[in-house]
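What follows is a single structure, written as structure tokens, with notes after it.
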Amino acid sequence: MADYQYNRVLLKLSGEALMGSGDFGIDGEVLGRLAEQIREVHDDGIELGIVVGGGNIFRGMSEAANGMDRAQADYMGMLATVQNALALQDAFEHAGIDTRVMSAIEMRAICETYIRRRAVRHMEKGRVVIFAAGTGNPYFTTDTAAALRACEINADCLMKATKVDGIYDKDPVTNPDAVRFDQISYREVLMRGLRVMDATATALCQENHMPIIVFDIEQPHVFRDALSGEPVGTTVIEEEDEQ
């Protein structure tokens with residue numbers, strides 16, 4: 001194995017990251033580029049789990065705001081994550097990566113049902129595990145699902161791939177003077193209300209001492225560099241007085 005700082009990781013991918021330049025759906029070229037980045041580290045023996053969102057297909061919270069029952073909308077969003085997981089599995093297997101999809105909602109005809117011990121065993125055997133359907137419960141985001149799965153599989157860190165190169169003190173898209181953090185504590189993220197992950201996910205990582213690394217997935221080799229401990233994006237960790 002190459003000299004990596006982390007050996008077992010949970011990668012959180014937003015559904016929007018799969019759209020490419022489109023307004024919705026899945027971009028095949030994006031899937032191909034992502035598969036190549038994953039293969040770089042998979043070939044070096046990294047154990048990898050992935051949680052994928054569904055916002056490129058259906059966003060439950062948005063539809064709930066438009067009058068749909070929130071629980072019903074969230075279940076529809078969970079099904080969207082399963083579609084994305086199957087698309088990722090196809091792309092990864094075309095790249096020669098052995099992959100399993102595990103869903104928090106039972107659907108045996110198309111994927112395995114999530115069982116923690118089985119997921120860990122898959123990773124130990126060199127398979128990438130894609131966790132679909134969030135936590136299986138409405139009112140919880142896929143960010144919270146990612147934090148939960150990272151803790152359950154005893155990951156060394158949680159990596160969040162976004163379209164922004166880290167965490168800023170304000171929205172860098174609308175504020176040219178926004179300042180990026182190289183490192184920040186969970187407490188400061190929560191106090192400032194920074195939109196890294198939702199507060200439930202951040203608090204869960206804080207309670208379980210799970211580092212979070214936020215980076216721009218569109219940069220070449222960025223996943224490998226982040227795993228190697230290179231100064232990529234922003235790292236969320238504990239301050240000494242939080243320990």
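The values are calculated or read from the model by the stated rules, or taken from the named source; none is laboratory data. Everything numeric in this text was worked out from a predicted model, so none of it was measured. Note that we place each Cβ from the backbone using ideal geometry, even for glycine, and neighbour counts take in every protein chain shown.
Could you go through the range 210-232 and let me know if any residue there is in contact (Cβ under 8 Å) with a residue 40 or more places away in the chain, more than 29 Å from D43 (Cβ to Cβ), assigned to a loop (DSSP other than H, G, I, E, B) and not hydrophobic (A, V, I, L, M, F, W, C).
Checked against the condition, which is being in contact (Cβ under 8 Å) with a residue 40 or more places away in the chain, more than 29 Å from D43 (Cβ to Cβ), assigned to a loop (DSSP other than H, G, I, E, B) and not hydrophobic (A, V, I, L, M, F, W, C), the range 210-232 yields no hits at all.
May I ask you to list the residues in the range 166-182 that are assigned to a loop (DSSP other than H, G, I, E, B) and surrounded by 18 or more Cβ atoms within 10 Å (Cβ to Cβ)?
As a first pass, look at the range 166-182 and keep what is assigned to a loop (DSSP other than H, G, I, E, B): 166, 169-179, 182.
G166, the sole residue that qualifies.
Rundown of residues vs (1) assigned to a strand (DSSP E or B); (2) surrounded by 15 or more Cβ atoms within 10 Å (Cβ to Cβ); (3) aromatic (F, W, Y), yes/no style:
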| site | (1), (2), (3) |
| --- | --- |
| Q5 | no, no, no |
| V9 | yes, yes, no |
| A17 | no, yes, no |
| G20 | no, yes, no |
| D23 | no, no, no |
| L31 | no, yes, no |
| L34 | no, yes, no |
| R39 | no, yes, no |
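Pull up the range 173-197, narrow it to residues that are within 20 Å of L148 (Cα to Cα) and among the β-branched types (V, I, T), then point me to the one that is modelled with the lowest pLDDT.
For the range 173-197, the residue satisfying everything is V196.
Out of everything in the range 62-79 that is among the acidic types (D, E) and farther than 25 Å from R116 by Cβ, what residue ends up being surrounded by the most Cβ atoms within 10 Å (Cβ to Cβ)? Working first, answer last.
So the first thing to find is which residues in the range 62-79 are among the acidic types (D, E), and the list is 63, 69, 74.
The next check asks that each one be farther than 25 Å from R116 by Cβ; those that pass are 63, 69.
Working: E63: 17, D69: 11.
Residue satisfying both the conditions and the ranking: E63.
Inside the range 119-141, can you point out the residues that are among the β-branched types (V, I, T) and at pLDDT below 95? Talk me through it step by step, then tell me what you get.
Start the filter on the range 119-141 by keeping residues that are among the β-branched types (V, I, T), which leaves 120, 128-130, 135, 141.
T141, the sole residue that qualifies.
Can you give me the number of residues within the range 15-59 that are under 18 Å from V101 (Cβ atoms), among the charged types (D, E, K, R) and within 15 Å of the chain's Cα centre (by Cα)?
The qualifying residues number 1.
Take the residues in the range 108-140 that are part of a strand (DSSP E or B) and in contact with a helix residue (DSSP H, G or I) (Cβ under 9 Å, 6 or more places away or on another chain), then tell me which one is surrounded by the most Cβ atoms within 10 Å (Cβ to Cβ).
If we filter the range 108-140 for residues that are part of a strand (DSSP E or B), which is where we start, we get 112-113, 128-132.
Subsequent filtering for residues that are in contact with a helix residue (DSSP H, G or I) (Cβ under 9 Å, 6 or more places away or on another chain) retains 112, 128-132.
Values: E112: 17, V128: 26, V129: 25, I130: 27, F131: 29, A132: 32.
Only one residue tops the list, namely A132.
From V101, V51, V82, grab the single residue that is of a type in the set (A, V, I, L, M), crowded, with 19+ Cβ neighbours inside 10 Å and either out of contact with any strand residue (DSSP E or B) (no Cβ under 6 Å at 6 or more places or on another chain) or in a helix (DSSP H, G or I) (or both).
Working: V101 fails: either out of contact with any strand residue (DSSP E or B) (no Cβ under 6 Å at 6 or more places or on another chain) or in a helix (DSSP H, G or I) (or both); V51 fails: either out of contact with any strand residue (DSSP E or B) (no Cβ under 6 Å at 6 or more places or on another chain) or in a helix (DSSP H, G or I) (or both).
Checking each option against the conditions leaves just V82.
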